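The values are calculated or read from the model by the stated rules, or taken from the named source; none is laboratory data. Only a predicted model underlies this, so the values are computations on that prediction, with no experimental measurement involved. Reconstructed Cβ throughout: ideal geometry from the backbone, glycine too, with neighbour counts over all protein chains shown.
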Amino acid sequence: MIYFCRKDLDSRGQKHGEQTGAARELLLAGLRLEYGIKQLPDIAADEMGKPYFPGMPQLFFNYSHCREGILCGISDAPIGVDLEPVREHKESLVRRVCHPREAALLQETEQKNPALTKIWVAKEAYLKYLGTGIRSDLRLLDMSAAVLHDEIRFGGCFLHFWRREDICMCACTEKPYSGELRQFEI
């Protein structure tokens, strides 16, 4: 399941650790709802930094947070998620992170800001799914199809996209995701 919580995580001057705490609250709420788990299991990170439950290897999760909210995915297979506020289109950012096909597509679209943000969340969710994080040249990944579709197949997995007002979100899953994006309050 994929959960989204719109929450102003910056208004109280929260630090990154407090934002992570809020993301873990959403994770626990999802675990409680889906699996009846009442206490957050111990969380560890592998050598690349991907979080996991050492005592529950059958469950996979990932979360992301920004000032405007939290996105959390829980699955029985690897998962990666990302959300970002719609970014301002800047040529310097395009040159630094976009594949040539993505850059060309961005030149053609009128909706440059959400299109660039959708490309970004696709790349980050995919790399989190793989468990590598952003450690390679992002220009080598061609997510140009993300600009045109709300679900794409890429590298043997599926990327699913949602947009809520000023936020773009992506979940990368092993199997097609047929569920809804669940709005949640914590």
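Whether a residue is in contact with a helix residue (DSSP H, G or I) (Cβ under 7 Å, 6 or more places away or on another chain), among the β-branched types (Val, Ile, Thr), assigned to a helix (DSSP H, G or I) and under 20 Å from Arg95 (Cα atoms) was assessed, and Val121 does not pass this test. Among all residue pairs at least 6 apart or on different chains, which show Cβ distances below 7 Å where the first residue, located in segment 34-51, is β-branched (Val, Ile, Thr) and the second is surrounded by 12 or more Cβ atoms within 10 Å (Cβ to Cβ) and assigned to a loop (DSSP other than H, G, I, E, B)? Correct list of pairs: Ile43/Phe53.
Look at Thr173 and say whether it is modelled with pLDDT of 95 or more, in contact with a strand residue (DSSP E or B) (Cβ under 7 Å, 6 or more places away or on another chain), farther than 18 Å from Ile2 by Cα and not aliphatic (A, V, I, L, M). Considered against the rule, which asks whether it is modelled with pLDDT of 95 or more, in contact with a strand residue (DSSP E or B) (Cβ under 7 Å, 6 or more places away or on another chain), farther than 18 Å from Ile2 by Cα and not aliphatic (A, V, I, L, M), Thr173 comes out as no.
Can Val94 be described as of a type in the set (Val, Ile, Thr), farther than 26 Å from Glu180 by Cβ and in contact with a Leu (Cβ under 8 Å, 6 or more places away or on another chain)? For Val94, the condition - of a type in the set (Val, Ile, Thr), farther than 26 Å from Glu180 by Cβ and in contact with a Leu (Cβ under 8 Å, 6 or more places away or on another chain) - is met. Checked against (1) among the basic types (Lys, Arg); (2) touching a Ser or Thr at 6+ places or on another chain (Cβ under 8 Å); (3) surrounded by 21 or more Cβ atoms within 10 Å (Cβ to Cβ), Lys123 passes all but condition (2). Criterion applied to Ile134, Ile186 was being aliphatic (A, V, I, L, M), surrounded by fewer than 13 Cβ atoms within 10 Å (Cβ to Cβ), part of a loop (DSSP other than H, G, I, E, B) and out of contact with any Gly (no Cβ under 8 Å at 6 or more places or on another chain), and the one residue passing it is Ile134.
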